[in-house]
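Engineer: First, the structure itself, so that you have it in front of you.
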Amino acid sequence: MTAFKTIGVVGAGMMGSEIALEFALAGYPTFLSDQNRAAAERAIERLQGVIDRGIARNFWSAEAAEAVRRNLAAVDNLEADADRDLVVEAVFEDEALKRSVFERLDAILAPEAGIASNTSSLSITSLSAAVSDERRCRFLGAHFFSPVSRMRLVEVIATADTDPAFADDVAAILTAIGKTPIRVKDVVGFAVNSPLHALVIESIRLVEEGVCSPADIDAAYKLGLGHPIGPFELMDNTANSLSQSVHEILYKAYGERFLLRQMVAAGYNGRKGGRGWHRYDKDGKRL
Ligand SMILES: NC(=O)c1ccc[n+]([C@@H]2O[C@H](COP(=O)([O-])OP(=O)(O)OC[C@H]3O[C@@H](n4cnc5c(N)ncnc54)[C@H](O)[C@@H]3O)[C@@H](O)[C@H]2O)c1
């Protein structure tokens with residue numbers, strides 16, 4: 001048994017809904033909130049497709065669906081989290097919004113409860129300033145990867161104020177739900193995004209210089225390096241605008257970089273829009 005018995009997840013989008021799913025699958029009573037109850041309920045309904053696919057591919061047993069039904073519930077708003085032991089925040093990547101969520105959580109949670117932010121790019125130290133001095137020792141980053149139900153890695157980012165015992169407890173519950181936590185300092189890009197985007201940027205440069213096509217670079221990474229997906233396929237799947245904003249953040253922190261402006265300005269945002277580095281039909285199938 002881990003230090004946390006009940007879990008709250010705030011933000012029922014792509015990340016938050018699957019984070020909640022993972023805790024519920026592992027047997028933790030988990031409560032999911034969004035801007036209103038209907039949004040959280042819709043997110044739980046959408047998870048049925050993820051569960052069905054997981055069972056079909058033998059990731060999970062049929063009892064998994066039952067565990068989720070038993071353990072996962074939508075709540076009206078984050079104020080329902082007053083008696084949670086750990087709350088994971090996964091709202092939009094907007095510092096002011098996240099700070100207001102942390103202030104509200106800080107006001108209602110028991111003193112021994114903790115907060116973990118799933119931010120990809122904001123400073124955990126800066127976010128932690130939104131909570132009281134007393135709570136700061138129980139505040140850290142827990143950066144999950146998409147799709148959460150498939151990706152095992154979670155970066156655990158402590159600040160100078162985080163109690164090491166709290167970070168150990170969070171790492172322990174992440175292990176208990178089947179994830180592999182790694183400890184990372186609170187630096188821009190943490191441990192994964194900066195090297196990932198260095199690779200992405202270098203790949204874009206090769207296309208600009210006419211060395212190789214996006215399709216050939218994707219093939220090179222998959223067939224030559226054993227990556228499950230190529231950099232251009234990855235950008236198209238997650239949206240070029242997301243890569244652009246990550247590049248801008250890395251650029252501010254680390255200096256000169258190629259920014260993905262042309263593609264985004266042209267509206268070639270990736271799979272969802274039908275065109276990115278590759279072209280897709282209306283069902284998102286690669287042409
Ligand atoms: N998408 C990724 O690949 C990825 C990977 C790792 C981390 N993250 C981070 O996870 C977080 C969420 O990203 P996402 O892709 O799930 O976004 P998303 O847009 O799919 O979901 C965000 C959710 O937050 C909800 N929300 C907004 N304001 C709220 C409020 N006041 N109270 C409750 N809910 C509120 C929205 O309604 C929405 O459902 C971001 O910080 C993002 O940087 C994303």
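Just so it is clear, none of the values below were taken in a lab; they were calculated from the coordinates. In this text, all values refer to a predicted model and were calculated from it rather than measured experimentally. All Cβ positions, glycine included, derive from the backbone under ideal geometry; neighbour counts span all protein chains shown.
Engineer: Only four residue types carry charge here, +1 at the Cβ of Lys and Arg and -1 at the Cβ of Asp and Glu. Report the dipole size of the stretch 105-250 about the Cα centre in Debye, rounded to the nearest 20. Mind showing how you got there, number by number?
Structural biologist: Values: 10 positive and 18 negative charges, 67 e Å.
Its charge dipole is roughly 320 debye.
Engineer: Here is a further query. How much space per residue, in cubic angstrom, does the convex hull of the C-alpha atoms of the stretch 7-184 take up?
Structural biologist: Measuring per residue, one finds 95 Å³ for the Cα hull of the stretch 7-184.
Engineer: Below 8 Å, C-alpha to C-alpha, sequence gap of six or more: please give me the relative contact order for the chain in percent.
Structural biologist: Values: 489 pairs, mean separation 36.6, N = 287.
Across the chain, relative contact order equals 13 percent.
Engineer: Fewest Cβ neighbours within 10 Å first, please rank 156, 88 accordingly.
Structural biologist: Result, fewest neighbours first: 156, 88.
Engineer: Report the one residue of 35, 264, 67 whose Cα lies farthest in the direction of the positive end of the charge dipole of the chain (charges on C-beta: Lys and Arg +1, Asp and Glu -1; origin at the Cα centre).
Structural biologist: The one lying farthest along the dipole's positive direction is 264.
Engineer: For the stretch 265-280, just list the computed ³J(HN,Hα) in residue order, Karplus coefficients 6.51, -1.76 and 1.60, θ = phi - 60°, integers in Hz, with x standing in for Gly and Pro.
Structural biologist: 4, 7, x, 8, 8, x, 3, 4, x, x, 8, x, 6, 10, 10, 9
Engineer: How big is the Cα convex hull of the stretch 193-273 in projection, averaged over all directions, in nm²?
Structural biologist: Value for the stretch 193-273: 5.2 nm².
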